[in-house]
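K.L.:
I have a structure here, written as structure tokens, and I will follow up with some questions on it.
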Amino acid sequence: MSALRIEFTDKEVTPWAGMVLMRNMLEKMDFHDVLGRCGLPGQGSNRGYAPQQLMTNFLLSVWSGANCFEHLEVTRHDKAISDIFDWHRMPGHRAFKRYFQKFDQATNQRVFDKLYRWFFSNLQFDNCTLDFDSSVLTRYGAQQGAAKGYNRAKPGRMSHHPIMAFVHECRMVANCWLRAGNASATNNFLAFLEDTFQKLENKKVSLIRADSGFYSKEIFDYLENREQGPVNYVVACRFYTPIKRKMANQRRWLLVDDGIEIAETTYQAEDWEQPRRLVMVRQKISRRPKAAGKQLRLFEDEAVHRDYRYSCFITNMDLSPKMVYDLYRNRADAENRIKELKYDFGFGSFNTTDFWATEAILNMVMLAYNLMSLFRQAVMGSKVHHQMKTLRYRVFAIGGYLVKNGNSRILKLSLQMKRREWFTGLWGSTKLMGWPFVIE
């Protein structure tokens, strides 16, 4: 092997030259002006960084791989990135911490209500499906709101229990609230649901889907009797004993696929004013060993029940049982969004001792996710949902440096010849991107 030595250059090279595409997209969306109008907290010192820069810089660092505050330094000393975004200097991670401490409950409601409304009002779609889910974020310090609650991965650990709403059709986050770790899934859900409707103003919500954590009479009554009109829903049932008996006593099952049988009936709990429709599914374990669902433990002595896993859904829809089941199965995409938020966007890692500061950070992470989802659709035009880590190393991790040519600046990119035409196409897409954007 030949000898190798090292030398240094004063040329300001960035490993993230591909982020120029995000700069173009944000500029097309007038993102800087939108941040200026959403009521961000002001800085108390003239030496403080502009709030618009801090928020945009935070997004940029998350897209570049930061998943905790210390990682926000990833772009701090990148002079080329600073020049690309027209910033004179870059903040360290403590500047972000100090700034997020300025957020309180009222500020969060004001700022993110405007940001969500602005974002979704500029996405042209209607008749959307909302998926609701919650997650457990394990905490190891003394953060406000951290409490012992349900935590399957780390039993007995302190945690937060945020709730989220996802728009299925465009794979974006419609709302996020942080909650204490001992909060139940339905805790303050109706207020969260109404807040989500407000953020999606002028959008028709055609269907709501949720897991068994949201099985509640109050939720069903609200959706069926909402002043603006009833909303269709499909919610997984909790396996209470009466529900189990309904499934165990069901004798007429329709075979819809190899090892999958479906039935329907009605059920009225003691505190319900009227019966509601149940769609029941059972899958034969011998035919489908990885089938989802639960066994009817109360009846495990009966061989006919030991070989099946059961699922049950409550709905106000008039569709066939098979269509109701298929609709609910698509809800699994919300679980994929949560995993992506945790692993690629640092959703579970950014936290402070202050509860409302942490909620503000989580909503900024959601904004980072939505903007990247928009980039996939509006700029890349890809039908494939590339994860952030794929985009990071395929699109954004490109070496480059800036040069001046008279009064203009030129970004020189280090790309193989066969990839140059592809990147030029993305560059053109950012320039021609329509805003508002039509979701197809």
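K.L.:
Just the residues that are modelled with pLDDT under 85 and within 22 Å of Gly213 (Cβ to Cβ), please, taken from segment 294-331.
P.N.:
Result: Gln295, Leu296, Arg297, Leu298.
K.L.:
Among the residues of segment 113-145, which ones are in contact with a His (Cβ under 7 Å, 6 or more places away or on another chain) and within 24 Å of Gly346 (Cα to Cα)?
P.N.:
Asp131, Ser134, Val136, Leu137, Arg139, Gly145 - these are the residues of segment 113-145 that are in contact with a His (Cβ under 7 Å, 6 or more places away or on another chain) and within 24 Å of Gly346 (Cα to Cα).
K.L.:
When you scan segment 267-276, how many residues do you find that are of a type outside the set (A, V, I, L, M, F, W, C), under 34 Å from the mean Cα position of the chain (by Cα) and modelled with pLDDT under 95?
P.N.:
Residues flagged as of a type outside the set (A, V, I, L, M, F, W, C), under 34 Å from the mean Cα position of the chain (by Cα) and modelled with pLDDT under 95 within segment 267-276 amount to 1.
K.L.:
Moving to a separate point now. Name the single residue that is surrounded by the fewest Cβ atoms within 10 Å (Cβ to Cβ) among those in segment 195-210 being assigned to a loop (DSSP other than H, G, I, E, B) and not hydrophobic (A, V, I, L, M, F, W, C).
P.N.:
Top of the filtered list is Asn202.
K.L.:
Please go through (1) in contact (Cβ under 8 Å) with a residue 24 or more places away in the chain; (2) under 25 Å from the mean Cα position of the chain (by Cα) for Tyr393 and return the number of the only condition it doesn't satisfy.
P.N.:
The failed condition is (1).
K.L.:
Exactly one of (1) part of a strand (DSSP E or B); (2) outside the structural domain of Asn316 (by TED's automatic domain parsing) is unmet by Leu223. Its number?
P.N.:
(1)
K.L.:
Test Val279 against the stated conditions and say whether it is surrounded by fewer than 22 Cβ atoms within 10 Å (Cβ to Cβ), among the aliphatic types (A, V, I, L, M) and either assigned to a helix (DSSP H, G or I) or at pLDDT 95 or above (or both).
P.N.:
Taking the combined requirement at face value, the residue does not satisfy it.
K.L.:
Quick one: Gly381 ticks every box in (1) among the small types (Gly, Ala, Ser); (2) exposed (fewer than 13 other Cβ atoms within 10 Å of the Cβ); (3) on the phi < 0 side of the Ramachandran plot bar one, so which box is it?
P.N.:
Of the numbered conditions (1) among the small types (Gly, Ala, Ser); (2) exposed (fewer than 13 other Cβ atoms within 10 Å of the Cβ); (3) on the phi < 0 side of the Ramachandran plot, the odd one out for Gly381 is (3).
K.L.:
Taking the options His32, His77, His93, name whichever one is out of contact with any His (no Cβ under 6 Å at 6 or more places or on another chain), surrounded by fewer than 21 Cβ atoms within 10 Å (Cβ to Cβ) and under 30 Å from Gly434 (Cα atoms).
P.N.:
From the options His32, His77, His93, the qualifying one is His32.
K.L.:
Only one of (1) in a helix (DSSP H, G or I); (2) in contact with a Ser or Thr (Cβ under 6 Å, 6 or more places away or on another chain) is not met by Asn351, so which one is it?
P.N.:
So Asn351 meets the others, but not (1).
K.L.:
Shifting gears a bit: Would you tally the residues in segment 401-440 being within 24 Å of Met172 (Cβ to Cβ), assigned to a strand (DSSP E or B) and among the aliphatic types (A, V, I, L, M)?
P.N.:
Here the count works out to 1.
K.L.:
Output the number of the condition that Tyr393 fails; it satisfies all remaining conditions of (1) under 26 Å from Phe119 (Cα atoms); (2) in a helix (DSSP H, G or I); (3) not β-branched (Val, Ile, Thr).
P.N.:
Exception for Tyr393: condition (1).
K.L.:
Is it the case that Phe112 is surrounded by 19 or more Cβ atoms within 10 Å (Cβ to Cβ) and either over 22 Å from Val62 (Cα atoms) or without any contact (Cβ under 8 Å) to a residue 60 or more places away in the chain (or both)?
P.N.:
Criteria not met by Phe112.
K.L.:
Go through Ala292, Ala248 for me and flag whichever is among the hydrophobic types (A, V, I, L, M, F, W, C) and touching a helix residue (DSSP H, G or I) at 6+ places or on another chain (Cβ under 6 Å).
P.N.:
Ala248
K.L.:
Might you check whether a residue that is touching a Gly at 6+ places or on another chain (Cβ under 7 Å), part of a helix (DSSP H, G or I) and not acidic (Asp, Glu) occurs anywhere in segment 100-110?
P.N.:
yes
K.L.:
While we're here: Filter segment 128-143 for residues that are in a loop (DSSP other than H, G, I, E, B) and surrounded by fewer than 16 Cβ atoms within 10 Å (Cβ to Cβ); which is modelled with the highest pLDDT?
P.N.:
My answer is Tyr140.
K.L.:
Could I ask something else about it? Does Leu115 satisfy the condition of being assigned to a helix (DSSP H, G or I) and touching a Cys at 6+ places or on another chain (Cβ under 7 Å)?
P.N.:
Against the criterion (assigned to a helix (DSSP H, G or I) and touching a Cys at 6+ places or on another chain (Cβ under 7 Å)), Leu115 qualifies.
K.L.:
Suppose we filter Arg252, Arg245, Arg238, Arg287 for residues that are assigned by TED's automatic domain parsing to the domain that holds Val324, surrounded by fewer than 17 Cβ atoms within 10 Å (Cβ to Cβ), within 23 Å of Asp333 (Cα to Cα) and at pLDDT below 95; which single one remains?
P.N.:
Exactly one of Arg252, Arg245, Arg238, Arg287 is assigned by TED's automatic domain parsing to the domain that holds Val324, surrounded by fewer than 17 Cβ atoms within 10 Å (Cβ to Cβ), within 23 Å of Asp333 (Cα to Cα) and at pLDDT below 95, namely Arg238.
K.L.:
Which residues, counting only those in segment 369-390, are in a helix (DSSP H, G or I) and closer than 21 Å to Phe132 by Cβ?
P.N.:
Scanning segment 369-390 gives Tyr369, Asn370, Ser373.
K.L.:
Next up: Evaluate segment 373-390: report whether one residue or more is within 30 Å of Val256 (Cβ to Cβ) and among the aliphatic types (A, V, I, L, M).
P.N.:
yes
The values are calculated or read from the model by the stated rules, or taken from the named source; none is laboratory data. Please read all numbers here as calculations on a predicted model, not as lab measurements. All Cβ positions, glycine included, derive from the backbone under ideal geometry; neighbour counts span all protein chains shown.
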